[in-house]
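The values are calculated or read from the model by the stated rules, or taken from the named source; none is laboratory data. Worth saying up front: this structure is predicted, and the values here are computed from it rather than measured. Cβ atoms come from the backbone with ideal geometry, glycine included; neighbour counts cover every protein chain shown. The protein model used for the area step is the full one, side chains on, heavy atoms only, and it has no ligands, DNA or RNA in it. Shrake-Rupley method; radii C 1.70, N 1.55, O 1.52, S 1.80 Å.
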Amino acid sequence: MSESKPQDELPELPTEFSAETNNSDELDALEPLAPEPIALAPEAAVGLEEEAPQLAPGEKPPLREMHGAPLHLRNWSLVVLGGCMLPWLSFVPSGPVTWGLGKLLVLAGVWLLWQSVELRAGGKVPGFITSLGSKAIGKKPVEVDPKVAARRAKNRKGPAVLEIPFPTPLHLLGLVVTLLGVFTPLLDPVGDLPSNASSIAELGMLAWAAGTWVHIHAYERWGSFNPIFPLMFIGMLLSGGLTVAGYLGGAEGTTIISLLGGVVVAIGGGLAAFSIVEAMVDAKKEGDAKKSVENERRKAARTTRKS
């Protein structure tokens with residue numbers, strides 16, 4: 001009678017343990033490995049997962065190679081940012097407080113968030129940034145046994161990052177300053193709340209475009225890619241397109257600045273949103289490639305068992 005063969009290859013099990021790990025005291029000291037604080041789901045969903053290079057202790061990782069959806073999203077978000085620097089929605093209903101102070105506050109807040117990325121990546125930042133970004137809010141860092149930390153470092157795939165807590169006063173300050181800038185039209189002596197709603201929208205789009213740039217800045221430094229960022233640009237495509245249509249139709253309150261800003265924001269927003277389609281195509285290609293490799297591996301394993 002021939003011996004039946006398993007349908008799939010069983011995973012390999014360790015054949016022996018070292019004398020060191022057989023010691024009961026050592027086994028008691030070992031703790032379950034905590035998952036790395038990385039958002040895997042969004043990145044895996046769009047097919048942008050990439051293994052970082054192995055590095056020596058203390059070695060700074062190279063920047064991730066930029067191509068495809070993340071590169072295009074960064075470029076087109078900067079186009080939208082440039083368009084939103086124009087008062088294309090706020091020129092008539094608001095005044096210099098919105099055009100000047102509001103946009104400066106938005107950019108200052110985003111700059112603080114950009115600095116938080118630099119701090120985490122080990123870049124050079126001002127001293128006050130290090131102070132604000134090195135303290136956790138509402139929680140204390142968990143102490144890790146040195147042996148456990150050494151084992152985690154040995155098993156880690158990709159470059160090590162600084163142990164920067166989240167959230168920190170730096171994150172909080174950046175968000176507060178950005179939101180203060182977005183809602184500056186409420187403090188603008190020119191106009192009232194209903195008419196200033198468009199000004200708030202303009203500043204909100206500026207903040208999202210600048211924040212997307214920070215997000216890609218983090219991705220380039222081995223962060224994860226979140227598909228929510230390009231999806232939100234669909235709203236900018238619609239807003240810019242409606243503004244252009246309103247100007248061409250002679251809508252009240254539109255100016256040549258409305259036309260120029262609307263065109264730039266609509267084009268940049270549309271192409272930025274299209275990057276999610278690129279990411280989905282890349283995801284399918286990556287998934288097919290991994291499936292093909294796995295099928296070949298199983299086929300080779302079955303052939304080896306039969307021989």
Exercise for the section: Give the residue that is surrounded by the fewest Cβ atoms within 10 Å (Cβ to Cβ), with candidates limited to residues of segment 264-280 that are in contact (Cβ under 8 Å) with a residue 60 or more places away in the chain and farther than 30 Å from Pro87 by Cβ. Expected result: Met280
Problem - Odd one out for Leu237 among (1) surrounded by fewer than 17 Cβ atoms within 10 Å (Cβ to Cβ); (2) more than 18 Å from Leu105 (Cβ to Cβ) - result: (1)
Exercise for the section: Would you be able to say whether some residue in segment 71-90 is more than 18 Å from the chain's Cα centre (by Cα) and open to solvent by 70 Å² or more (accessible area, probe 1.4 Å)? Expected result: yes
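Residues in segment 277-289: is at least one in a loop (DSSP other than H, G, I, E, B) and under 25 Å from the mean Cα position of the chain (by Cα)?
So in segment 277-289, the residues in a loop (DSSP other than H, G, I, E, B) come out as none.
Scanning segment 277-289 turns up no residue that is in a loop (DSSP other than H, G, I, E, B) and under 25 Å from the mean Cα position of the chain (by Cα).
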Handout entry: Lone qualifier among Gly158, Gly191, Gly223, Gly138 - being open to solvent by less than 30 Å² (accessible area, probe 1.4 Å), on the phi > 0 side of the Ramachandran plot and modelled with pLDDT under 90
Key = Gly158
Handout entry: Failed item, numbered, when Pro70 is tested on (1) out of contact with any helix residue (DSSP H, G or I) (no Cβ under 6 Å at 6 or more places or on another chain); (2) of a type outside the set (A, V, I, L, M, F, W, C); (3) at pLDDT 85 or above
Key = (1)
Practice task
Scan (1) touching a helix residue (DSSP H, G or I) at 6+ places or on another chain (Cβ under 6 Å); (2) surrounded by fewer than 16 Cβ atoms within 10 Å (Cβ to Cβ) for the single condition Gly261 breaks and write down its number.
Solution key: (2)
